[in-house]
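Report on the following structure.
The values are calculated or read from the model by the stated rules, or taken from the named source; none is laboratory data. Here the structure is a predicted model, which means the values were calculated and not measured. Note that each Cβ is placed from the backbone with ideal geometry, even for glycine, and that neighbours are counted across all protein chains shown.
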Amino acid sequence: MGPAKVMLVEDYPNLGYVIKDYLTFKGYKTTLFEDGEQAWRGFTESPFDICVLDIMLPKKNGFELLKAIRGSNAEIPVIFISARALDEDKITGLRLGADDYIVKPFSVEELYLRIEVFLNRPKKMQPVETVVQIGAYWFDYPNHQLNSASGSIQITHKEAQILKLLYTHLNQTVERETILQLIWGDTDYFMGRSLDVYLSRLRKYMLDDPSVEIVNVYGVGFKLAIRIAYP
């Protein structure tokens with residue numbers, strides 16, 4: 001097994017080469033792209049293990065690039081590095097499927113350590129069938145859909161990941177830190193707030209079936225519970 005392959009997209013050459021040289025020194029095979037279109041071509045032509053993206057890129061910005069990447073690969077870790085420090089930018093990136101968001105300026109060693117976390121975490125959660133039943137709903141993970149007699153709900157990549165993790169531990173409590181680490185690779189406050197938002201949405205999606213509940217186990221974590229009605 002060769003070195004992990006990093007796709008680095010940064011249009012400021014000085015910073016791009018500093019990051020590339022550091023990651024190469026640490027043992028990663030790092031390919032630097034300086035615009036979004038060039039990066040997308042590279043992504044479709046070569047396999048990568050992780051993507052590090054700037055947002056303000058020429059030709060195709062980082063958000064557009066992430067959408068394209070997620071349309072092709074739902075699992076590859078993606079880290080944004082950006083001077084855009086507003087919460088709305090961070091939230092946009094995370095909702096589009098980014099796993100982490102680092103604000104410039106930052107320590108290159110910090111970026112390296114975050115990459116290490118993603119590449120060393122378990123590659124996959126426990127397998128789940130393509131389509132599974134959750135009460136009155138059919139959860140289609142590959143297509144990110146919740147289907148029921150009343151219609152189909154399109155959910156986000158992160159929402160699908162969270163529901164998949166909870167389903168694979170059905171009626172069991174999953175610790176909050178475990179969810180954050182497996183899905184975001186981080187347990188900081190901001191990621192925790194994002195998790196709360198996604199869980200709130202999932203609860204709303206499944207309101208029509210009172211037997212299905214995402215339970216907050218206070219101080220511990222969360223549980224997807226399905227109550228069986230006995231005659």
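The set of residues from region 178-190 being in a helix (DSSP H, G or I) and either in contact (Cβ under 8 Å) with a residue 40 or more places away in the chain or buried (at least 20 other Cβ atoms within 10 Å of the Cβ) (or both) comprises T178, I179, Q181, L182, I183, F190. For L199, state whether it is free of Cβ contacts under 8 Å to residues at least 24 places away in the same chain and buried (at least 16 other Cβ atoms within 10 Å of the Cβ). When the stated conditions are applied, L199 does not pass them. One residue stands out among those in region 138-150 that are touching a helix residue (DSSP H, G or I) at 6+ places or on another chain (Cβ under 8 Å) and at negative phi: the one that is surrounded by the most Cβ atoms within 10 Å (Cβ to Cβ), which is F139. What about I153, is it surrounded by 16 or more Cβ atoms within 10 Å (Cβ to Cβ), in a strand (DSSP E or B), in contact with a Lys or Arg (Cβ under 8 Å, 6 or more places away or on another chain) and of a type in the set (V, I, T)? No, not satisfied. Filtering region 25-43 to residues that are free of Cβ contacts under 8 Å to residues at least 40 places away in the same chain and either outside any helix (DSSP H, G or I) or in contact with a helix residue (DSSP H, G or I) (Cβ under 7 Å, 6 or more places away or on another chain) (or both) leaves G27, K29, T30, T31, L32, F33, E34, D35, G36, A39, W40, F43. May I ask you to list the residues in region 56-71 that are on the phi < 0 side of the Ramachandran plot and either part of a loop (DSSP other than H, G, I, E, B) or among the charged types (D, E, K, R) (or both)? Answer for region 56-71, where residues must be on the phi < 0 side of the Ramachandran plot and either part of a loop (DSSP other than H, G, I, E, B) or among the charged types (D, E, K, R) (or both): M56, L57, P58, K60, N61, E64, K67, R70. So, of the residues in region 49-87 that are among the β-branched types (V, I, T) and farther than 14 Å from E10 by Cα, which turns out to be surrounded by the fewest Cβ atoms within 10 Å (Cβ to Cβ)? By that ranking, first place goes to I76. If you go through region 42-95 and keep only what is under 18 Å from the mean Cα position of the chain (by Cα) and among the polar types (S, T, N, Q), you end up with S72, N73, S82, T92.
Against the list (1) among the basic types (K, R); (2) outside the structural domain of E177 (by TED's automatic domain parsing); (3) over 18 Å from E10 (Cβ atoms), the condition K158 fails is (2).
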